[in-house]
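Step one of this worksheet: look at the structure below.
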Amino acid sequence: MAPTPLILPNNLPEETSPCPKVAKYLEEDDITQDCESLISTLAKDQGWVLSHLYQYQGFWHPSRQLEGVITCQRHFQARDTDIILTTSPKCGTTWLKALAYVVVNRKTNTPTIGATGNNKQNHPLVTNNPHELVPFLELKVYVDHQVPDLTQMPSPRLFSTHLPVDSLPLSIKETGCKVVYLGRDPKDAFISLWHFANKLRPPHGGKISLEEAFDKFCKGVSLCGPFWDHVLSYWNYSLDNPNTVFFLKYEDLKHQPKLHLKKLAEFWGCPFSLEEENNGVVDDILSLCSFEILSNFEVNKFGKLSSGEDNKAFFRKGQVGDSANYLTKEMIHKFDQISLTKFHLSGLNF
Ligand code: A3P
């Protein structure tokens, strides 16, 4: 198995990236004429972080992301050996990226970790946030009008996306590359998104209230929402394509991490050998990628993504059921009603 580092043309290591005056993710105007023309035809609504979200192919995106979506739909050529990690925002993307990167590259980067959290092998995860190691197609690889040459990347290439099934670049579906979807209980995903949005809002923008965010989320107006349609699109996609699409829930991964990590490794074509299992490799990987270890690496406490978000914004509690500490009984009832209606007869539940 070859390692899969991604060094994009304008992707300097975080430490040496020039510090932009305004974080890239807060920019709304730097889009091409092409994209601006498209945007003028789309439904728009008030955003959670930026002023607007635009509805494209049924789902909501900020303008900068939308441009990345269109560019990657036009240009991304999947290989059948690619591994694509797909999620709705705040469903455990960071965790899944860490796990995938470590599993796939474990022959070249041994995932051992000392009891103190110091990695003796200096694993790339110690100095890089998982979002830098496994880049988003629409938010990193094809953002800001760039169309990088990805043909020299060794296989298996690892990418991620928040795009729903119908918006995926066609080649992903045609090549039958390996797609993993990580879903999460809508209530916990919502609370996580609400916290995240408030961390990302510009300082002068104030906070978005829980009630306002709740109304928007239930209406489907959230980053890559409607949340329920997103998860359902992948649930159905996985039922139709069981050999190439793996559907997993954050809650199940938390509950039985070893079981699910072994299934993932098998699905990715790099199962753990008996010897590896006996040597504790699976446990080492889970430990290295655990919330406690990962969130305490310097890079994740103090670093930033090249788009400007603080890495620490991607780590909050990492627990199941935290939404119960925030939502009223009425809100929980409404969430459950929407889930019942949307998932009716699908076989999907959280
Ligand atoms: P909470 O806000 O509920 O704590 P994403 O990576 O898709 O942005 O999702 C972020 C959510 O995953 C946050 O949830 C975050 O704390 C949690 N998370 C991040 N790293 C994790 C890890 N290693 N293990 C479990 N959960 C993790």
>> Return the residues of region 59-87 that are within 16 Å of the ligand (Cβ to nearest atom) and part of a helix (DSSP H, G or I); say none if nothing qualifies.
In response: Q65
>> So the check is Cβ under 7 Å with 6+ separation or different chains; which pairs have a first residue in region 74-97 that's in contact (Cβ under 8 Å) with a residue 12 or more places away in the chain and farther than 12 Å from F159 by Cβ and a second one that's of a type in the set (D, E, K, R) and within 16 Å of the ligand (Cβ to nearest atom)?
In response: C91/R184; G92/R184
> Looking at (1) over 18 Å from F315 (Cα atoms); (2) in contact with a strand residue (DSSP E or B) (Cβ under 9 Å, 6 or more places away or on another chain); (3) buried (at least 19 other Cβ atoms within 10 Å of the Cβ), can you tell me which one F136 breaks?
Replying inline: (1)
> Out of all the residues in region 309-339, which are within 11 Å of the ligand (Cβ to nearest atom) and assigned to a loop (DSSP other than H, G, I, E, B)?
Replying inline: E309, F315, R316, K317, G318, Q319, V320, G321, Y326
>> Can you tell me which of (1) away from the ligand (no atom under 14 Å from the Cβ); (2) in a helix (DSSP H, G or I) is the one V221 doesn't meet?
In response: (2)
> Of the residues in region 254-294, how many are among the aliphatic types (A, V, I, L, M) and surrounded by fewer than 16 Cβ atoms within 10 Å (Cβ to Cβ)?
Replying inline: 2
>> Show me the helices (runs of 4 or more DSSP H) entirely contained within region 251-295 in which 3 or more residues are touching a helix residue (DSSP H, G or I) at 6+ places or on another chain (Cβ under 7 Å).
In response: 257-267, 281-288
> Which one of K173, K207 is in a loop (DSSP other than H, G, I, E, B), away from the ligand (no atom under 13 Å from the Cβ) and farther than 17 Å from L248 by Cβ?
Replying inline: K207
> Is there any pair linking a residue in region 169-183 that is more than 18 Å from W235 (Cβ to Cβ) to one that is within 16 Å of the ligand (Cβ to nearest atom), with Cβ under 8 Å and at least six apart or on different chains, and which?
Replying inline: P169/L137; C177/I84
>> Checking K301 against (1) more than 10 Å from the ligand (Cβ to nearest atom); (2) farther than 27 Å from V49 by Cα: exactly one of these is not met. Which one?
In response: (2)
>> With on the phi > 0 side of the Ramachandran plot and either out of contact with any helix residue (DSSP H, G or I) (no Cβ under 6 Å at 6 or more places or on another chain) or assigned to a loop (DSSP other than H, G, I, E, B) (or both) as the only criterion, which of K44, K107, K90 stands out?
In response: K90
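None of the figures in this text is laboratory data; all of them are computed from the coordinates on show. No experiment lies behind these values; they were computed from the predicted model shown. For neighbour counting, all protein chains shown are included, and Cβ atoms are generated from backbone atoms with ideal geometry for every residue, glycine included.
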